[in-house]
Amino acid sequence: MKRNILITGGAGFIGSHLVDALLLNPDISVSVIDDFNPYYPPESKRRNIAQHLSNPQFRLYETDITNDESLKQVFEEQSFDTVVHLAARAGVRQSLIEPAAYARTNIEGTINLLECVREKKIPKFIFGSSSSVYGQGAPTPFSEAEANVGKILSPYAATKVAGEAICRVFAETYGINTICLRFFTVYGPRQRPDLAIHKFAALINSGQRIPVFGDGSSFRDYTYVSDIVDGICAAMDYESRGFEVINLGTSHTITLSELIRLIGEGMEKEIRVEQLPMQPGDLSATFADISKAKQLLGYSPKVPLQEGISKFIDWFETGSVAS
């Protein structure tokens, strides 16, 4: 059966990998909305999707999800059966500097999309959320139960909490089948340069010190991008009814100090660090309970961290776009 999928933020890190995976299926057409904002070099996002520009199954719309009129025009031109909403202003620390901009894109933009989905009676909406919604003090491993949400530490996290709440309202009020996927620290080829693994690799490569905020004992659940894409695709195929929140992680963690050591060993370069105080907005831990994803989506992450770091380093050192 032919399917027509809309991906917002589809030229970005996760979005472009999802586009690659979907276009392997000749029965799937993909449209991408991306505004190519300068949060990081737009040229890198253009490279992410360059191979698809001549593909008749692919269409690119350069627009902002906060531009209600141009967004509506996209939905007038095409009929979609699923919307995967990945577009967002990202980055915890930057959200402390520009909270209003984060609110406009992540909250107002999400409402604009949901209004289009409602008006066109599109049956499925998938929202890219974040492990940051659990906040500080949530019991680990983080499960999707509402009682497990802790103290929110950043405007970015607050916008994702609001986004999920808006999704629930539209799902329950208008019957839109909606899945909010909480991503846990995604990494891999094409990763944004401001994210930890890419940033650390660049600093190690140039012989600079790595800023370590805190004592290095904070820990994260790092998820390779192909596992996240598998989870999104499974959510697209899942015959959901109503509203669901599902974690996508690995349920394995590593400390910041161990992560830096692993990257340095993989690059075969000396590591130099600079100890700094903890940054506002940063969680001390993330750790996913993925039992719900396994049960509902058949989700099973395949790439262990050491293998994923090796793949990332290969991409970083060679400039390859292979994932």
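The values are calculated or read from the model by the stated rules, or taken from the named source; none is laboratory data. All of these numbers come straight from a predicted model, not from anything done at the bench. No Cβ is skipped: glycine too gets one built from the backbone with ideal geometry, and neighbour counts run over all protein chains shown. Each accessible area value is taken on the protein alone, full model and side chains, heavy atoms only, with ligands, DNA and RNA left out. Shrake-Rupley method; radii C 1.70, N 1.55, O 1.52, S 1.80 Å.
Calculated from DSSP H runs of 4 or more alone, at -39500 (n - 2.57) each and per residue, what is the 222 nm mean residue ellipticity of the chain, nearest 500? Mind dumping the intermediate values first?
Details: 12 runs with 127 residues, N = 323.
Calculated at 222 nm, the ellipticity per residue is -12000 deg cm²/dmol.
Could you tell me the ratio Rg/Rh of the range 15-91? Both radii from Cα atoms, Rh via Kirkwood.
0.94
Rule-of-thumb check for the range 225-323: C-alpha Rg over 2.2 N^0.38 Å?
For the range 225-323, the normalised Cα radius of gyration is 1.34.
Just subtract the alpha-carbon distance of E119 and N25 from 0.36 nm times their residue separation and send over the number in nm, one decimal. Present the calculation step by step, with values, prior to reporting the outcome.
Details: separation 94, 0.36 × 94 = 33.84 nm, distance 2.81 nm.
Roughly 31.0 nm would be gained on extension.
How big is the charge dipole of the chain about its Cα centre, in debye rounded to the nearest 20, if each Lys and Arg gets +1 on its Cβ and each Asp and Glu gets -1 on its Cβ?
80 debye
Place a point 7 Å from Cα of R3 in the direction of its Cβ. Which residues in the range 157-178 have their backbone N less than 17 Å from it?
177-178
Please give the peptides 298-307, 191-200 ranked by average Cβ packing (other Cβ atoms within 10 Å per residue), highest first, as a rough proxy for protection.
Ranking the peptides 298-307, 191-200 by packing returns 191-200, 298-307.
With the other protein chains left in place, how much accessible area per residue, in square angstrom, belongs to the range 41-188 at a 1.4 angstrom probe?
Heavy-atom SASA per residue in the range 41-188 reads 43 Å².
For T140 and T173 in one chain, what is 0.36 nm times their gap in residues minus the Cα-Cα distance, to one decimal in nm?
This chain segment gains 8.7 nm when fully extended.
Find how many whole Å separate the alpha carbon centroid of the range 54-125 from the alpha carbon centroid of the range 172-244.
19 Å
Counting only DSSP beta bridges with both residues in the chain, what percent are antiparallel, rounded to the nearest 5? Walk me through the numbers before you get to the answer.
On the way: 3 of 43 bridges.
In the chain, DSSP labels about 5 percent of beta bridges as antiparallel.
Can you give me the % of accessible surface on the chain that is carbon or sulfur? Probe 1.4 Å, all protein chains present, nothing else counted. Let's see the in-between values first.
On the way: 7140 of 14020 Å².
That fraction is 51 percent.
Please give the length that would be gained between K302 and E265 if that part of the chain were fully extended, namely 0.36 nm times their separation in residues minus their C-alpha to C-alpha distance (nm, one decimal).
Working it through step by step, the gained length comes to 11.1 nm.
Could you check the simple spin-label distance between E43 and D68, using points 7 Å along Cα→Cβ, in nm with one decimal?
3.7 nm
Find the all-direction average of the projected area of the Cα convex hull for the range 87-194, expressing the result in square nanometres with one decimal place.
One quarter of the hull surface, i.e. the mean projection, equals 7.6 nm².
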